[in-house]
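Participant: Structure in structure tokens, see below.
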Amino acid sequence: STVIFRVTVADDDGLTDIDSVYFRNMSAASPVPFPLYDDGNLQTHGDSTAHDGSYASILEISSSNSPGVKAFRFSVTDRFAARADSTQNITIN
């Protein structure tokens, strides 16, 4: 099945200052970054409105994913390389 990960971000210097938004499954052996998009591409990325500060990504969850509580770290980086992180626990059934 598919799930949509969404996060809303802001920057004191405005949304145009945001360089990248991504998340990592910190419970994985090797956490890799998954990009989130604010491009208005609902079908491909799950984002309905471009450039509104709401970022999304569509992911596939399959039987190869182990169930349980996973720690996901969401990160936003601006054009000056300042980064903010938020960690959320998400349960995969």
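The values are calculated or read from the model by the stated rules, or taken from the named source; none is laboratory data. None of these values were measured; they are calculated from a predicted model. Don't worry about glycine lacking a Cβ; one is built from the backbone with ideal geometry, like all the others, and counts go over all protein chains shown. Accessible surface is based on the protein model in full, side chains and every heavy atom, while ligands, DNA and RNA are left aside. Shrake-Rupley method; radii C 1.70, N 1.55, O 1.52, S 1.80 Å.
Participant: Quick check for you: with a 1.4 Å probe and neighbouring chains kept, what is the accessible area per residue of the chain, in Å²? Intermediate values should be presented prior to the final figure.
Facilitator: On the way: 5920 Å² over 93 residues.
Per-residue value: 64 Å².
Participant: Once the cut-off is 18 Å, how many percent of the Cα-Cα pairs in region 1-73 end up in the long-distance tail? Working shown, then result.
Facilitator: Working: 1145 of 2628 pairs.
Result: 44 percent of Cα pairs exceed 18 Å.
Participant: Give me the percent of the accessible area of the chain that comes from carbon and sulfur atoms, probe 1.4 Å, all protein chains in place. Intermediate values should be presented prior to the final figure.
Facilitator: Working: 2910 of 5920 Å².
Accessible surface attributable to carbon and sulfur in the chain totals 49 percent.
Participant: Expressed as a rounded percentage, what relative contact order does the chain have, with Cα pairs under 8 Å and six or more residues apart? Please report the intermediate quantities before stating the final value.
Facilitator: On the way: 188 pairs, mean separation 29.4, N = 93.
Result for the chain is 32 percent.
Participant: Still on this structure, I have one more. For region 1-88, which trypsin sites (Lys or Arg not before Pro) are in a loop by DSSP, counting at most 15 other Cβ atoms within 10 Å? Could the numbers behind the result be given before it?
Facilitator: On the way: sites: 6, 24, 70, 73, 79, 83; in loops: 79.
Qualifying residues, ordered by number: 79.
Participant: Under 10 Å, Cα contacts only: if you run a Gaussian network model on the chain, which one of 48, 75, 63 comes out with the highest mean-square fluctuation?
Facilitator: In the Gaussian network model the winner is 63.
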